[in-house]
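> Quick one: the structure is below, and I'll ask about it shortly.
The values are calculated or read from the model by the stated rules, or taken from the named source; none is laboratory data. Remember, it's a predicted structure, so these values are computed and weren't measured experimentally. So basically every Cβ, Gly included, is an ideal-geometry build from the backbone, and we count neighbours across all protein chains shown. Note: areas computed on protein heavy atoms with side chains; ligands, DNA, RNA excluded. Shrake-Rupley method; radii C 1.70, N 1.55, O 1.52, S 1.80 Å.
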Amino acid sequence: MTQASLLRQIIDYSNRPNPYPLYAELRNTPVVREPDGAYVVSTYWEIESLLHDPRVSSDARNLSVPPTDDLSEPEAQSALPPSFIRLDPPEHDRLRRMANRSFGPPHSPRRINDMRGELAEIVTGLIDGIGDTSRFDLVDQFSYPFPVTVICRLLGVPREDEPRFRTWVDTLVTGLDPRRGDDEAERNRVSNEARTQLGMYLAGLVEERRKKPGDDMLSQLTTGTHGADGSMTTIEVITTSVLLLIAGHETTVNLITNGMLTLLRHPEVLQRLREDPAYSVPIVEELLRYEPPVQLLPNRTVLTDVDICGVTIPKGASLWLVVASGNRDPKRFSDPETFDPDRGDIQHLGFGSGIHSCFGAPLARLEAQLALSELARRLDNPRLLEDPPEYRQSAVLRGPRHLALACDGIRP
Amino acid sequence: MSVDGFLQRLRSEGRIVVVGASLAGLRAAETLRAEGFTGTLTLIGDEPYEPYDRPPLSKQVLLGRASAEHTALPRRRAIDAEWRLGVPATGLDMAAKRVRLADGDEVPYDRLLIATGVRARPWPNEAEAGLDGVFVLRTRDDAVALQRRLAEEPRRVFVIGAGFTGSEIASACHERGLPVTVAERGDAPLVGALGGVVGRVAAELQREHGVDLRTGVMVTRLEGDSAGRVRAAHLSDGSEVEADVVVVSLGATRNTEWLAGSGLGAGPRGIACDAGCRAFDIRGIVTDDIFVAGDVARSPHPLFGYQFLSLEHWGNAVSQAEIAAHNMLSDSVDRRPHMWVPAFWSSQFGVSIKSVGVPSMGTEILIAQGALAERRFTGVYGYQGRVIGAVTFDQTRWLEFYQHLIETTAPFPPPFPTVDRRSDGQRPLPADFPDPSVPTHGPTVTLSGYSPADRRITFTPGRH
Ligand SMILES: Cc1cc2nc3c(=O)[nH]c(=O)nc-3n(C[C@H](O)[C@H](O)[C@H](O)COP(=O)(O)OP(=O)(O)OC[C@H]3O[C@@H](n4cnc5c(N)ncnc54)[C@H](O)[C@@H]3O)c2cc1C
């Protein structure tokens, strides 16, 4: 079997429940050239070094093959300009810095930590509302509504609008999916349409905040000034909040669901967490290594020919970094296929690394820690009703679509 | 007795003595235990405190954000040591394998680790140095005393020397809202460590933050009032600056005096050792039982032409201590070389500065990313056509890449484009280090020495 078909198999939906044996095979050749010219990198040190390599670009304009092929990402051709995740420095740095001003240190060092109480309340409310414990879906009843509620509050997006933006976001996330065949052009058109709609929706909110600013990030992005960086244009506020809205709820859902699934498969860890909520800290780190929500980073490129592991990646080639595979590279982690929250150093690639490392990491960590420790504490004798569960389509943002659970009751 | 048998006995019931109970000493002790050493472990330190961390002293502690008492180094594991704190080692008898202490005690050893670090170079005029209000900053006590005085809101602070520590002190004063004057003999702050191109950025940074920066001048005299309090500093350009606090930040002196006459290759430039941290004696022969680590050590680095590097870097102290401890318990084939690539960080005036490699060896600099004017850039240093060092101002995340270029002796200037290349980065500039024969303080790296294959490797006293 050729290496090229390995990537196809990974992308193939039937392998979604367990792509890890395929990743192991992929690592036999750390840098693989796909027939369409894309390069796939699957080993830890190589991915890590590329994430810190200033010759690697995230800007689709540097791709030599314009992103109209079947691996393309919709954002590149949307009516809206790209958000900072798809830009290089200095524009990337400037936009990310401005967004960070209202999110994290040094300007808002306590913002995330101060949300602790509020987050705990949301978690409690959702668990209280589970209802019939003989069968419930963790995704619909908990993993999805929790981060959505949080990101809505943080950004200042009305929670009631969720059904509206959910369709656009779903379409966009589907567009992220590297699938082959069918009507690519049509799929891109639909994605772009969704992104534009989402942008227009947010533009409406921006307009409101401009007139009447509140305490939320959208208001701060709209009205704030950022020292030497100046302030964001309306378009920049929109692209940034589209990014934060999507990234802020599409990843944590999977982290929490993958987390609960993993814990139920490792009852001794779940038991320890029940007794010691602080154990959630290393558990979440190990989860980010073992079952990262973002499995691969597609469509980076190189500004010049770059040699890696004896392979020359030519200027402009599309570069795919399979972080979930790097996370299980035996050259980096001993016993990588074992879920072990007690392992010494967990410097995983679950949040990426380098300048594009996950902007929302502190929030995602806190959400997952709170969610898992509370679920462990309050669900009485929880059981998986289906294993493996039904997965979502996406190979990039991998996680169960549903997670059917039962328990004997909800503890106070 | 076989060598194996000896090592086995050493591991289980040997006596290991560590002199210098700070960063390197502690990390070495922890590594010894981690590697299975179960014998007697003695830590000797002249300061009365358990090991603490120094970098915060010139940063958070001076700002009053952290108290000096809370800088204790986190422990990686229990070390079950006999602590001899508050008592300096005063001598070494290599033949009898004993360390002499100031209180008259003698401590025998099978293996000795010397990690006595450096101390602040005092103001050379003793009477002036003794004026009330004149400080240095190296220890916890120094930091407490200076912090307390800054809290009394002096009318002006005068810092002598704009190396890393001096610049950090100026930054802390500025942040506390205190007027501060900095006098520097070189043309710019940090010029000895990072060269003139970067030094000019540091100078702008200071001036824009309201620091009264005087460069190209020397302080000739400190003047006290009748009560013995410092009141002014006199400069070589004839000017006078009134200040009620003076911080002397003129670099460091190695703590090696206690080894005088011991026969160990210890002198003003430190203790020479091989890449495995074994000390040289004055005949240039490597010892088997005496090891060195941290600021006090000078060791040859293969990557930098086997030059003997002495580094006053936190990360170096940790990694060298770990290697020394490992080698103390290992026979020759299992020993490891200390091949740490120098790396340093500093934060001042809101900018995070990091460097890797040995920038001060560089003759040219290329601003590979970012822009000097924005004070957000990555500078790459070239030496004889290869990359030898790199520095970042608020661009830490790229540093690892440049470290790899240094490690692989990549060509300079790097022949490829990078993201964020600007007009500054179109061609290399002279790095503009001061003439090495003109002493400046501040460089944290000093270079000297010869190839190990060269018979002249015997210890030679320093130039200064
Ligand atoms: C204010 C300040 C800021 C710094 N900031 C940074 C920074 O930002 N980044 C960075 O990389 N590095 C920084 N450093 C440097 C870093 O702290 C040192 O590299 C590190 O402390 C070296 O550790 P060491 O154990 O080798 O020496 P030291 O920490 O100097 O410890 C040596 C110890 O031995 C003791 N001793 C000396 N003689 C004797 C004797 N005869 N008997 C017994 N004990 C003795 C000393 O009193 C001291 O306690 C800073 C240093 C200072 C002072």
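> For A:S357 and A:R111 in the same chain, what is the full-extension length gain: residue separation times 0.36 nm, less their Cα-Cα distance, in nm?
86.6 nm
> With a bin width of 10 angstrom, please list the P(r) values of the protein assembly as shown as percents of all Cα-Cα pairs, from the 0 bin to the one holding the largest distance.
Calculated P(r), rounded to whole percents: 2, 11, 18, 21, 21, 15, 8, 3, 0, 0.
> Same structure, new question: Can you give me the distance in nm between label points at B:A145 and B:L85, each placed 7 Å from the Cα along the Cα-to-Cβ direction?
2.0
> Nearest 100 Å² is fine: how much accessible area is buried between B and A, summed over both sides, with a 1.4 Å probe?
1400
> On to the next question. Just flag the GluC sites (Glu not before Pro) in region B:315-395 sitting in loop per DSSP whose Cβ has no more than 16 other Cβ atoms within 10 Å.
none
> Moving on to the next point. Could you tally the net charge around A:G131, taking each other residue with its Cβ under 13 Å from the Cβ of A:G131, Lys/Arg +1 and Asp/Glu -1?
Summing Lys and Arg as +1 and Asp and Glu as -1 gives -3.
> Sort B:R335, B:R375 by heavy-atom solvent-accessible area, probe 1.4 angstrom, most to least.
B:R335, B:R375
> Then there's this: Which of rounded, prolate or oblate describes chain B when judged by the alpha-carbon gyration tensor and an a/c cut-off of 1.5?
oblate
> Given the whole protein assembly as supplied and a 1.4 Å probe, what does the accessible area of B:M94 come to in Å², nearest 10?
Its accessible surface works out to 50 Å², give or take rounding.
> Let me ask something additional. Could you work out the Kirkwood radius for region A:312-412, taking every pair of different alpha carbons, averaging 1/r and inverting it, reported in Å?
Across region A:312-412, the inverse of the average 1/r is 17.1 Å.
> Where in region A:39-56 is the amide nitrogen less than 18 Å from a point lying 7 Å along the Cα-to-Cβ axis of B:R386?
Backbone N within reach: none found.
> Against the longest alpha carbon principal axis of chain B, how many degrees, from 0 to 90 and to the nearest 10, is the axis of helix B:164-175 turned?
That helix lies at roughly 50 degrees to the long axis.
> So, one more: Using a 1.4 Å probe on the protein chains only, how many percent of the accessible area of region A:313-384 belongs to carbon and sulfur?
After summing per-atom areas, the C and S share lands at 48 percent.
> Which distance in nm do the two modelled labels at A:S231 and B:D4 give, with both placed 7 Å along the Cα-to-Cβ direction?
Placing both labels 7 Å beyond Cα along the Cβ direction yields 7.7 nm.
> Sticking with this one: With +1 on each Lys and Arg Cβ and -1 on each Asp and Glu Cβ, and nothing else charged, work out how big the dipole of region B:169-225 is about its Cα centre, in Debye to the nearest 20.
Dipole size: approximately 120 debye.
> Sorted by accessible area (1.4 Å probe), largest first, how do B:S58, A:S64 line up?
Descending order: A:S64, B:S58.
> Shifting gears a bit: Sequence gap at least 6, Cα distance under 8 Å: using those rules, report the relative contact order of chain A to the nearest whole percent.
RCO, chain A: 27 percent.
> A further question follows. What's the center-to-center distance, using Cα atoms, between region B:151-197 and region B:303-381 in Å?
One Cα centre to the other: 23 Å.
> Would you work out which of A:T124, A:P109, A:N18 lies farthest towards the positive end of the dipole of chain A, given +1 charges on the beta-carbon of Lys and Arg and -1 on that of Asp and Glu, about the Cα centre?
Farthest along the dipole direction, towards plus: A:P109.
> Another question, if that's okay. If you roll a 1.4 Å probe over region A:22-154 with all protein chains in place, what percent of the accessible area is carbon or sulfur?
Looking at region A:22-154 in its full context, I get 51 percent from C and S.
> OK, next. I'd like the accessible area for A:R377, computed on protein heavy atoms only with a 1.4 Å probe and all protein chains in place. Round to 10 Å², please.
Roll a 1.4 Å probe over it and A:R377 shows about 90 Å².
> Out of A:S191, A:S318, A:S357, any idea which swings most in a Gaussian network model of chain A, alpha carbons joined below 10 Å?
A:S357
> Please list A:T167, A:T225 in order of solvent-accessible area, largest first, computed with a 1.4 Å probe with all protein chains present.
Ranked list, largest accessible area first: A:T225, A:T167.
> Give the residue list of GluC sites (Glu not before Pro) in region A:374-410 that are DSSP loop and have at most 15 other beta-carbon atoms within 10 angstrom.
Loop-located and lightly packed - A:E386, A:E390.
> Restricting to DSSP loop positions (anything but H, G, I, E, B) with no more than 16 other Cβ atoms inside 10 Å of their own Cβ, which trypsin sites (Lys or Arg not before Pro) remain in region A:144-226?
Hits after loop and neighbour filter: A:R180.
> Let me ask you something else. Probe of 1.4 angstrom, ligands and nucleic acids ignored: what's the accessible area per residue over the protein assembly as shown, in square angstrom?
39
> Extending each Cα 7 Å along its Cβ direction at B:E242 and A:V65, get the distance between those two points in nm, one decimal.
7.5
> Using only protein heavy atoms and a 1.4 Å probe, report how much of B:D142 is accessible, in Å² to the nearest 10.
40
> Given a 10 angstrom Cα cut-off, can you work out which residue in A:P400, A:P382, A:P106 is the most mobile in a GNM of chain A?
Of A:P400, A:P382, A:P106, the most mobile in the Gaussian network model is A:P106.
> With heavy atoms of protein chains only and a 1.4 Å probe, what residues of region A:29-63 have at least 30 Å² less accessible area in the full set of chains than alone?
Relative to the lone chain, where solvent access is computed with a 1.4 Å probe, region A:29-63 loses at least 30 Å² at A:H52, A:P54, A:R55.
> Using only DSSP helix segments of four residues or longer, with each worth -39500 (n - 2.57), what per-residue ellipticity at 222 nm results for chain B after dividing by its residue count and rounding to 500?
-6000 deg cm²/dmol
> Now, a different point. List the residues whose amide H sits under 5 Å from the amide H of B:F280, counting only those 5 or more places along or on another chain, with H placed 1.01 Å from N in the peptide plane.
For B:F280, the qualifying residues are B:G265, B:A272, B:C273, B:D274, B:T287.
> Let me ask something additional. Quickly estimate the mean residue ellipticity at 222 nm for chain A, helices only: each DSSP H run with n ≥ 4 gives -39500 (n - 2.57), and the total goes over all residues, rounded to 500.
Calculated mean residue ellipticity at 222 nm is -14500 deg cm²/dmol.
> Are there residues in region B:396-416 whose accessible area shrinks by at least 20 Å² when all protein chains are included rather than the chain by itself, and which are they (probe 1.4 Å, ligands and nucleic acids not counted)?
Relative to the lone chain, where solvent access is computed with a 1.4 Å probe, region B:396-416 loses at least 20 Å² at B:R397, B:W398, B:E400, B:F401, B:F416.
> Carbon and sulfur: what percent of chain B's accessible surface (1.4 Å probe)?
49
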